[in-house]
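One structure is given below, encoded as structure tokens.
The values are calculated or read from the model by the stated rules, or taken from the named source; none is laboratory data. Everything numeric here is computed off the predicted structure, so don't read it as measured data. Backbone-built Cβ (ideal geometry, glycine too); neighbour counts: all protein chains shown.
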Amino acid sequence: AEMFDKAKAYLDVKRNKDDEIFHLTKDITYESKRIIFVLHRFFIYDDACRDAKRKLNMLLDSDRYFLGLAKALEGEDMSLHYRRYTHCVQECIEAMMFLHFIEHRKIPTYEDVKSFLVWVIKDEKCNTDPSATEKDANDDDGSDKPQEISTTTTSSRTLTVPLSLTDYMLGICDFTGELMKAAIPTLTKPKWHSFLYQVFALVREIYAQFAGICAENRLFRNKMSVMRASVIKIEATVYRLKM
Amino acid sequence: AEMFDKAKAYLDVKRNKDDEIFHLTKDITYESKRIIFVLHRFFIYDDACRDAKRKLNMLLDSDRYFLGLAKALEGEDMSLHYRRYTHCVQECIEAMMFLHFIEHRKIPTYEDVKSFLVWVIKDEKCNTDPSATEKDANDDDGSDKPQEISTTTTSSRTLTVPLSLTDYMLGICDFTGELMKAAIPTLTKPKWHSFLYQVFALVREIYAQFAGICAENRLFRNKMSVMRASVIKIEATVYRLKM
Amino acid sequence: SMASQFQTDLDTEVDVRNELRTVSRALEKATKRVLHILQRIHLEAESDEKTTKLGETGMDLIIKDVAPILAQIGEKLPPSEYYKYADFFRFNVIKSVFAIGLSKFLLDGSFATVQFVASILQIPTAETRKSGGIFLEWEEYLEGMIDVGQELARLAKNCVILDNYGLVAKIHSYISTLTFGFSGMNFKNDGLRRRFDSLKYDSRAIEEVVYDLKM
Amino acid sequence: SMASQFQTDLDTEVDVRNELRTVSRALEKATKRVLHILQRIHLEAESDEKTTKLGETGMDLIIKDVAPILAQIGEKLPPSEYYKYADFFRFNVIKSVFAIGLSKFLLDGSFATVQFVASILQIPTAETRKSGGIFLEWEEYLEGMIDVGQELARLAKNCVILDNYGLVAKIHSYISTLTFGFSGMNFKNDGLRRRFDSLKYDSRAIEEVVYDLKM
Amino acid sequence: SMASQFQTDLDTEVDVRNELRTVSRALEKATKRVLHILQRIHLEAESDEKTTKLGETGMDLIIKDVAPILAQIGEKLPPSEYYKYADFFRFNVIKSVFAIGLSKFLLDGSFATVQFVASILQIPTAETRKSGGIFLEWEEYLEGMIDVGQELARLAKNCVILDNYGLVAKIHSYISTLTFGFSGMNFKNDGLRRRFDSLKYDSRAIEEVVYDLKM
Amino acid sequence: SMASQFQTDLDTEVDVRNELRTVSRALEKATKRVLHILQRIHLEAESDEKTTKLGETGMDLIIKDVAPILAQIGEKLPPSEYYKYADFFRFNVIKSVFAIGLSKFLLDGSFATVQFVASILQIPTAETRKSGGIFLEWEEYLEGMIDVGQELARLAKNCVILDNYGLVAKIHSYISTLTFGFSGMNFKNDGLRRRFDSLKYDSRAIEEVVYDLKM
């Protein structure tokens, strides 16, 4: 019976963690889509980029979103939660890439994107000290020795939401779809024709590179055929511009 | 353009007829299911059969249900409407069979069932007389000659909802499912054990006969495998009774 | 017994389906052959002579090869079960309507009425239908004529490529008539409506061609 | 031309399919007839005499009516295209295996091996197969035998109803052997695995019948 | 380049999958073999001697054949990707738990704890797991033990048939312990809950057997 | 025993599948490499020199890398089980047909016949096939050539962007021939029919490019 109690406790913790992550990822996906929506308005609305940037920072640094996810994942077996959170990560890096492209007219590297998903948190308590929880309550009364305070306050943890290369690559695929949607309406806006040409060059180059990848991953294959359709639409737009 | 007007008129009539039949069949199916529901209560409620019979007569002779359907189908190309109305006919004959079995402990024949779906309607006006519509308004003033009245009032039309043998057979299949549902709870009701044995004999005989039918009809094949499951359940009930 | 009577009915139906499957395949082949030849119009629409020639060939093949097969289907079809088996030939009847409509245009630029199409196919229309047997349903006629419209829209651009501007004008007039005829109908959200919407699009495309040519 | 060459190949295939469709229907009818007769076991399993009689009839009909049609199918089947056309007859081959397995049980309570079934059907097994033509696939054999198990599970209860307790014991022993034999196999095919799970369920059902009789 | 790095990752994954597919097949074969032998219990549960013998054989085969393959899987499994590849072996780990649980019961009537099962399989539990590699998940342990319950419910009736009433009593006590242990857990609407519901049903069935025997 | 005999057959099949999986992956890699290189045509189709060069490279890679792997597949394939295992390589055979068809066009603007494609891949066609082994199915050839049509429709617009109007004319003539050839065929397969409908759409797209250039 003791054994069954352990099993019960284990399964309860596992299920609660799963619920927590599920809700976080749902919210992150929703907010990421909103950022992409805002970014699509940048042709008509000058502050779109600034708005999106603000929203993105909030999305990353809030306990309700990515920082919360990073905390929830701390010390967990990633492979258990991967399927749950991979989708929201892809959605968010799609937004990051879109913003990055509008600002710098190039695509952020894998390292760039990973660096967004790292947080260094200062711990007020030192985890290695077994009496930490006890002292915690006395934190404000200044009775601790300076050295102790120093070791305590300088300790910090690094949290991450691990980003696999697959997520990054799949994020690029989705991102080209957004570029296509943004690029096509520029046909009638001469001010944005240079943007159209930049998209044209970038997306064709991405497609030409990706076309060499040999994947059994069905998701990647599907996204490649969607990307092909995007490329053809962008080419048709440049063709129209030329005629 | 005159040709297109004709096409428009033709298609409009066709579509309206289809709508009319669609609504009739929906209502018939619903009421048939209600009758079956009532019949299932006959173990506990003595008047169940009488209620069901009254409802069934109403279903057959009302313009809102079967008689209405027969009128809607009059002079139509049956093959056009068959797919629309076949389902409701099957549902209704399932109810008829169930009632018939409870009353007579046997299954009604194809001819029996067809006879329910024939109506002879007396016409107040004679369709062959081109002036009929004119006279119609004067119907009550008695100025018409006796002979004319006689030919007019005795003319009658026979309406039917054509019942294919396939409908009848498929109806039997569904009916065995209802018998199974009715028979299983009788295990604990000694008063109804003779009913259980009658169902047992009938359904096994039907299954043994039907098992020889070689059909490409997927619907029939599916219903046969459902019937097999019913037979096995009824046999298991009789087995339980015996142990 | 009842079961054996049912078995007989089922067997009869299987036989009818088998026969219809065979004749329908013959119909498909005959129809395909006409369509194949009519496809040449896009490569050869340089002169009236060539287009008339192709129209003649198309019409001849329908009369000689397609109509007799429809007659056979009419014989195999159990009386009053037209709609039960219509899926066997619907598609190719539409294609035949298309072939007649296109051939008629190529011959004299005129519009093939439902009576004309039915007379070529030697089957009755919905109006003249007695009972049982095959007939030319309105839906199939209309769908075939929309196909003609689409094909002519494509042809218009190829005429420009082949420098046959006269034919473009004829197409323009033809498609205007067709679109006007259809515009009076009220389709529900069905296949025909979607087809008609694309016809309207084609009609605009031809207007643009005519406009481009004027410029 | 290329198109006509393709057309020839396609027509050949259509002809093969038509022929196979016809023979497969004959196969279905012949198989169905045996199954129909074997169904009577549930109504008549009162005495060994009756069950043996039914087993004999079943076996005779398979030999006389079903096997010759399989031979015809073997002839129509283009060499090395077994898997392309197997769906035409798979289902009824399974049903024939079932009929043989059940008849053999009714005759002498024994188990029909794959060699025995193949010898009755007069077709090779996967082992003795040369190349091309029809043969008895393992999957079909196993499915048919699982069907036998299911039918016997049903029969066991009917035997009790008919007071034939001796047959229940035979069924119990038969199904134990069958289930035990299957439990050593690694099915790759999920369909077979699921079917086998339901056989285990049937096997348990028969044990319960034996248990009930004992109590 | 990024694309080629991605390609390398993909290729590595394909290799891992291929290797795991091969080892998992070996695992399936080894597990199947134990299960096959343990099936004999339903035919042979006449005496304590025979059941103990079978329990020994079962345990030996797991130790000798199954555990080494799990060790191999542990080696092939990339660190910290247990859950990514768990579907390759989950099913057969559950079956191994079942085989151990059943064998232990046959040996001495006692209950196999998660520590005991893990020690036989020579893999850590969720508690003792370091990181990476294979381990015995609670879900798999619990599912395997429910399987034991179901098999014993079946065995109880067969014991009656074989007149081994002593074993029925042992099964009764075992299943009561098992059901009581599970009844404290709160399952969501998942697979385990459905399995547990059927275990409760089996538990009741055994109580009926015990009751029938008393009568 | 029967079970072990079944097991042997099953193991053989598993081995065949494992070997085919490995070779098919090699085939996919080789095919992908050619496709990857041919993709550059959309970026580089500025001059005849460049396109011819790319066509040469494509053809060379197929001959050097792809054909030998197909030969290996042919060896692994059990005789008369082509259709059982065709799904392992169908997709990449289609892609190879595409690569040959496109390369041939880039080399000299001409059409790759089924014989030509088969000779490059060094496998027989449906006509010259003896029995067993791999061969070039009509369906796969046709699918591959439809892919060529689609790719050229895309290329036509890119040629305009790169100011290579000569190539547009060649594409126009190529696709007209292709579409005309296909329009005579009766596909039984609905997949191919739908693909062909999309080819007609592409063909129209190219006519529009030619039309636009003319205006």
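Brief remarks follow.
- Set B:Ala215, B:Ala211: member being buried (at least 18 other Cβ atoms within 10 Å of the Cβ), without any contact (Cβ under 8 Å) to a residue 24 or more places away in the chain, touching a Lys or Arg at 6+ places or on another chain (Cβ under 7 Å) and within 14 Å of another protein chain (Cβ to nearest Cβ): B:Ala215
- The lone criterion from (1) more than 30 Å from E:Leu20 (Cβ to Cβ); (2) exposed (fewer than 15 other Cβ atoms within 10 Å of the Cβ) left unmet by F:Thr12 is number (1).
- Checking each residue in the stretch F:68-89 for being more than 14 Å from chain D (Cβ to nearest Cβ) and either more than 19 Å from F:Glu19 (Cβ to Cβ) or in contact (Cβ under 8 Å) with a residue 60 or more places away in the chain (or both) picks out F:Leu70, F:Ile73, F:Lys76, F:Phe89.
- Pairs where the first residue, in the stretch B:102-117, is touching a residue at least 40 places away in the same chain (Cβ under 8 Å) and the second is in a loop (DSSP other than H, G, I, E, B), C-beta under 7 Å, 6+ apart: B:Ile102/B:Phe42; B:Val113/B:Leu163; B:Lys114/B:Leu163; B:Leu117/B:Val161; B:Leu117/B:Leu163
- Subset tally (residues that are touching a Ser or Thr at 6+ places or on another chain (Cβ under 7 Å) and under 13 Å from C:Asn186 (Cα atoms)) for the stretch B:1-29: 0
- The residues of the stretch B:9-33 that are at the interface with chain C (Cβ under 7 Å from one of its Cβ atoms) and in contact with a helix residue (DSSP H, G or I) (Cβ under 9 Å, 6 or more places away or on another chain), listed by number, are B:Tyr10, B:Leu11.
- Among the residues examined, E:Asp60 does not qualify as outside any loop (DSSP other than H, G, I, E, B), over 30 Å from A:Glu111 (Cβ atoms) and within 14 Å of chain D (Cβ to nearest Cβ).
- Every listed requirement among (1) under 18 Å from D:Ala99 (Cβ atoms); (2) touching a residue at least 60 places away in the same chain (Cβ under 8 Å); (3) away from chain E (no Cβ under 12 Å) is met by D:Asp147 save one, (2).
- Among the conditions (1) over 19 Å from the mean Cα position of the chain (by Cα); (2) within 13 Å of C:His36 (Cα to Cα); (3) touching a residue at least 60 places away in the same chain (Cβ under 8 Å), the only one that F:Ser173 does not satisfy is (2).
- Number of positions in the stretch B:5-56 that are of a type in the set (Phe, Trp, Tyr) and crowded, with 18+ Cβ neighbours inside 10 Å: 1
- Verdict on C:Asp163 being under 21 Å from F:Ser203 (Cβ atoms) and part of a loop (DSSP other than H, G, I, E, B): yes
- Residue selection: B:Leu179 fails the criterion of being at pLDDT below 95, under 30 Å from B:Phe66 (Cα atoms) and either in the same structural domain as B:Val238 (by TED's automatic domain parsing) or aliphatic (A, V, I, L, M) (or both).
- Subset tally (residues that are free of Cβ contacts under 8 Å to residues at least 12 places away in the same chain, of a type in the set (Gly, Ala, Ser) and within 14 Å of chain F (Cβ to nearest Cβ)) for the stretch C:1-46: 0
- B:Ser79 vs. criteria of a type in the set (Ser, Thr, Tyr), free of Cβ contacts under 8 Å to residues at least 40 places away in the same chain and within 14 Å of chain C (Cβ to nearest Cβ): yes
- Check on B:Thr186, at pLDDT below 95, more than 14 Å from chain D (Cβ to nearest Cβ) and over 18 Å from B:Phe37 (Cα atoms): no
- Which numbered condition A:Glu31 misses (of (1) free of Cβ contacts under 8 Å to residues at least 24 places away in the same chain; (2) within 24 Å of the chain's Cα centre (by Cα)): (1)
- Residue in the stretch F:178-198 that is part of a helix (DSSP H, G or I), crowded, with 16+ Cβ neighbours inside 10 Å and more than 20 Å from the chain's Cα centre (by Cα) present: no
- Taken over the stretch F:182-215, the criterion of being facing chain C (nearest Cβ under 9 Å) and under 17 Å from F:Leu102 (Cβ atoms) is satisfied by F:Ser203 alone.
- Residues that are in contact with a Leu (Cβ under 9 Å, 6 or more places away or on another chain) and part of a helix (DSSP H, G or I), drawn from the stretch F:108-129: F:Val114, F:Val117, F:Ala118, F:Leu121
- The criterion of at least 3 residues that are aromatic (Phe, Trp, Tyr) is met, among helices (runs of 4 or more DSSP H) falling completely within the stretch B:1-93, by B:2-39.
- Positions within the stretch E:130-139 being in a loop (DSSP other than H, G, I, E, B) and either within 17 Å of A:Lys14 (Cα to Cα) or at the interface with chain A (Cβ under 10 Å from one of its Cβ atoms) (or both), in sequence order: E:Ser131, E:Gly132, E:Phe135, E:Glu137
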